[in-house]
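**Student:** Let me begin by handing over the structure; questions about it come next.
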Amino acid sequence: MKRKEESNTEKYTSAGTDIEEVKRLNENSGMSYNEAKEWLAKSTGGYNTSVYSDTDIEEVRRNNQGIQNENE
């Protein structure tokens, strides 16, 4: 009888969530955030991806220029 209880506790979380069901649903949920970023980078070559970023390009350029000037 104890084995049944042990296997039952391994299948469900303490909140009662079916672990295998969650894994199955996750497999079919599409790309993860990092997978989507990788796909965008590979499929676009990095061009026109600024719509997906909140990076201030001019600020980066100013920072890079300041670092370059310090190193000279």
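**Student:** Looking only at region 52-64, count every residue that is surrounded by 10 or more Cβ atoms within 10 Å (Cβ to Cβ) and either part of a loop (DSSP other than H, G, I, E, B) or over 23 Å from the mean Cα position of the chain (by Cα) (or both) and tell me the total.
**Tutor:** The total comes to 6.
**Student:** Still on this structure: Could you grab me the full set of residues in region 23-51 that are in a helix (DSSP H, G or I), loosely packed, with under 11 Cβ neighbours inside 10 Å and not basic (K, R)?
**Tutor:** Those that are in a helix (DSSP H, G or I), loosely packed, with under 11 Cβ neighbours inside 10 Å and not basic (K, R): L25, N26, E27, Y33, N34, E35, S43, S50, V51.
**Student:** Run K2 past the list (1) surrounded by 10 or more Cβ atoms within 10 Å (Cβ to Cβ); (2) of a type outside the set (S, T, N, Q); (3) modelled with pLDDT under 85 and report the number of the one that doesn't hold.
**Tutor:** The single condition K2 does not satisfy is (1).
The values are calculated or read from the model by the stated rules, or taken from the named source; none is laboratory data. Since the model is a prediction, treat every value here as computed from it, not as a measurement. Note that we place each Cβ from the backbone using ideal geometry, even for glycine, and neighbour counts take in every protein chain shown.
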